[in-house]
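The values are calculated or read from the model by the stated rules, or taken from the named source; none is laboratory data. Being a predicted model, the structure only gives us computed values, none of them experimental. Virtual Cβ from ideal backbone geometry, glycine too; neighbours counted across all protein chains shown.
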Amino acid sequence: MLPHPSARKGNQRRYSRQELERLAFIRHARDLGFAVEDIRSLIELSGHPEQPCGHADRIAEEQLISVREKIAQLKRLEAELERIATCCNGQTVGDCYVIRALSDHALCADEHG
């Protein structure tokens, strides 16, 4: 996604302003969870400022859908973990609901996997 800069004195790499901007673009895209392939596509699109932005919008919309699905999954996990953690009335590991629930998926209240 970025050309390799030549090594300079002391093995330090030097980047141009444009390369630093691209690095910032890549880092921000990664922070937002975009896949490498999507980042490559977005970089390619950014090189054609006169083109319509529909493809970039679709990539962002697909990432938003993915993030929302992950959030929903995490909320299901949170609810199940809270339920398991608060259901335990046992005093010993042999009576522990957490251990039993982890051993038997049928004890889970909802599908969370």
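Considering Ala35, Ala29, which residue is modelled with pLDDT of 95 or more and in contact with an Asp or Glu (Cβ under 9 Å, 6 or more places away or on another chain)? Steps first, answer last, please.
On the way: Ala35 fails: in contact with an Asp or Glu (Cβ under 9 Å, 6 or more places away or on another chain).
Testing whether each residue is modelled with pLDDT of 95 or more and in contact with an Asp or Glu (Cβ under 9 Å, 6 or more places away or on another chain) leaves just Ala29.
Please give the helices (runs of 4 or more DSSP H) falling wholly within the range 29-113 in which 2 or more residues are loosely packed, with under 13 Cβ neighbours inside 10 Å and of a type in the set (Val, Ile, Thr).
54-87
Under 6 Å by Cβ, and 6 or more places apart or on different chains, what pairs join a residue from the range 93-113 that is closer than 15 Å to Lys75 by Cβ with one that is hydrophobic (A, V, I, L, M, F, W, C)?
His112/Leu77
Within the range 48-63, is there a residue that is more than 30 Å from Glu19 (Cβ to Cβ) and basic (Lys, Arg)?
No, the range 48-63 has no match at all.
Would you confirm whether any residue within the range 53-76 is in contact with a helix residue (DSSP H, G or I) (Cβ under 7 Å, 6 or more places away or on another chain) and modelled with pLDDT under 95?
There is no residue in the range 53-76 that is in contact with a helix residue (DSSP H, G or I) (Cβ under 7 Å, 6 or more places away or on another chain) and modelled with pLDDT under 95.
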